[in-house]
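For reference, the structure is listed below as structure tokens.
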Amino acid sequence: MNPRLGSLHTYPFEKLGTLLSGAVAPAQLPPIPLSIGEPQHEPPPFLLEALRQGVSRLGAYPATAGTLELRSSAARWLERRFTLRPGSVDPVSMVLPVNGTREALFALVQAAVDTSQAPLVITPNPFYQIYEGAALLAGATPYYLNATADTKFVPDLDSIPQAVLDRTQVLFLCSPGNPTGAVLHEHFLARALDLAERHDFILAADECYAEIYPDEAAPPPSLLEVAQDTGRDRFQRCIVFHSLSKRSSVPGLRSGFVAGDPELMRKFLLYRTYQGGAMSPMVQMASSVAWDDDAHVRVNRQLYREKFDRVLPILSPVLDVQRPEGAFYLWVDIEGDDERFTRELFTAQNVTVLPGSYLGRATEAGNPGAGRVRMSLTATVADCATAATRIRDFIKGR
Ligand SMILES: Cc1ncc(COP(=O)(O)O)c(C=O)c1O
């Protein structure tokens, strides 16, 4: 077997399982998981109906490139959601469907990395673990770029040594960020584009939380719009990742798309043809109608808003918590050992959170996740409020 498999790190949820094994939660309190970022809201009925209708299309092999119908819906959505010029996203050369962004984030790195060049892949730290696993399995070395409270949870691009930039082949960005909720704004994205151009690497922007944000008047920007605004009309060196999992609360559908530089897309399509990453025809049909509709996403956003409205006043007397700029996590400084906090909270209150150190890696400046926990507000509004009350009681009783 591939010896690189041995370099993969244990997945955070496996570590959590080990941490909590043998711990006994109070049986009289129903469990409330705030550990996993799995959207629990009802998906829109029209999406489920389109899925049912799509069953009739199962008699044909789907093309890896996807239907024009789906790619056009995705391109129209990009132009509508971000400030992109109408007609500037060509569905044929700039968009590809993927079976959720997870597999696509992984696959891109396998297709992109040239191992003859001592490659580096830069990932924000803390991060979504797929970035690191993708780099390791492709034969690249991950470079961890810390995003801490000192930099408002934005990775510090200017701290990257020149020698690292010269060896970099892919730089991952995640905005809004998991787990921090930080949004990467225009000036940051413009700087990243300059660096990518100067050092000739790919910018892989994971924007799968782009539709989850608190202020209807201030949606997070995309790397693509900054590329266009700075004269990079063919989105040179850029690839963005979008997903229906969070947008339409259908993590089980496994549907997303990537978009960007047509040169990258052409080679990525070649790779995917062999990998066998075609999307089921019924999923393509349902996805197309989902990308065409924005009303259900506003409803979804409102539900997350309500949860933060309920949870923040309960937690703020005992924890330093702020509403994030995007996504549905609280990335909380618990001023102590995050594993111990997680285990004791579970034992006392049957609420599960994720230790922050599992989402980061140790660097010279330490593990930026240590001393923090991630709370995912994906349960119902009532359950999130109950969980917050239990966490408050737990902290007060310590
Ligand atoms: C930052 C980030 N990227 C990508 C994904 C994968 O999402 P999906 O494969 O459902 O599109 C997740 C899922 O939790 C995530 O948190």
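Relative contact order, percent, of the chain when contacts are C-alpha pairs under 8 Å separated by at least 6 residues?
Contact order relative to length: 25 percent.
Before anything else, pin down the relative contact order of the range 258-386: Cα pairs under 8 Å, at least 6 apart, normalised by residue count, whole percent.
The normalised contact order for the range 258-386 reaches 22 percent.
Highest GNM mean-square fluctuation, the chain, Cα pairs closer than 10 Å: which of PRO324, PRO281, PRO161?
Maximum among the listed residues: PRO161.
Check which residues have an amide H placed less than 5 Å from CYS174's amide H, if you skip close sequence neighbours.
ASP206
If you place +1 on the Cβ of every Lys and Arg and -1 on the Cβ of every Asp and Glu, how big does the dipole about the Cα centre of the chain come out, in debye to the nearest 20?
760 debye
Considering only the other residues whose Cβ falls under 12 Å of the Cβ of ASP158, what net charge follows from Lys and Arg at +1 and Asp and Glu at -1?
Counting the neighbours of ASP158, the net charge comes to -1.
Once amide H atoms are placed 1.01 Å from N in the peptide plane, what residues at a sequence separation of 5 or more from THR168, or on another chain, have their amide H within under 5 Å of its amide H?
LEU120
Calculate for the chain the 222 nm mean residue ellipticity that helices alone would give, adding -39,500 (n - 2.57) per DSSP H run of length 4 or more and normalising by residue count, nearest 500 deg cm²/dmol.
-12500 deg cm²/dmol
Using the crude model of +1 on Lys and Arg Cβ and -1 on Asp and Glu Cβ, and no other charge, please compute the dipole size for the range 103-226 relative to its Cα centre, in debye to 20.
360 debye
Keeping every protein chain in place, order ARG191, ARG234, ARG247 by accessible area at 1.4 Å, biggest value first, i.e. largest first.
The most accessible residue leads, giving ARG234, ARG191, ARG247.
Measuring from a point 7 Å past the Cα of HIS9 along Cα-to-C-beta, which residues in the range 117-142 have an amide N at less than 15 Å?
121-137, 141-142
Let me check I've understood the local charge: for PRO179, count other residues with C-beta under 11 angstrom from its C-beta, Lys and Arg +1, Asp and Glu -1. What total comes out?
+2
May I ask you to derive the relative contact order of the range 42-97, considering only C-alpha pairs under 8 Å and at least 6 residues apart, and to give it as an integer percent?
Relative contact order, the range 42-97: 34 percent.
Among 358-369, 121-132, what's the highest-first ranking by average C-beta atoms within 10 angstrom per residue?
Sorting 358-369, 121-132 by mean packing, highest first, produces 121-132, 358-369.
May I ask you to list the aspartates and glutamates whose Cα is less than 12 Å away from that of LYS246, ignoring any residue fewer than eight positions away on the same chain?
Qualifying aspartates and glutamates at Cα under 12 Å: GLU38, GLU42, GLU207, GLU211.
Which whole-angstrom value gives the distance between the alpha carbon centres of the range 362-398 and the range 38-76?
Using only Cα atoms to place each centre, the spacing works out to 35 Å.
Using a basic spin-label model with each label point 7 Å from the Cα along Cα→Cβ, how many nm lie between GLU344 and ASP90?
Inter-label distance under the simple model: 6.0 nm.
The values are calculated or read from the model by the stated rules, or taken from the named source; none is laboratory data. Bear in mind the structure is a predicted one, so any value in this text is a computation, not a measurement. For neighbour counting, all protein chains shown are included, and Cβ atoms are generated from backbone atoms with ideal geometry for every residue, glycine included. Heads up: the accessible areas ignore ligands, DNA and RNA and are worked out on the full protein's heavy atoms, side chains in. Shrake-Rupley method; radii C 1.70, N 1.55, O 1.52, S 1.80 Å.
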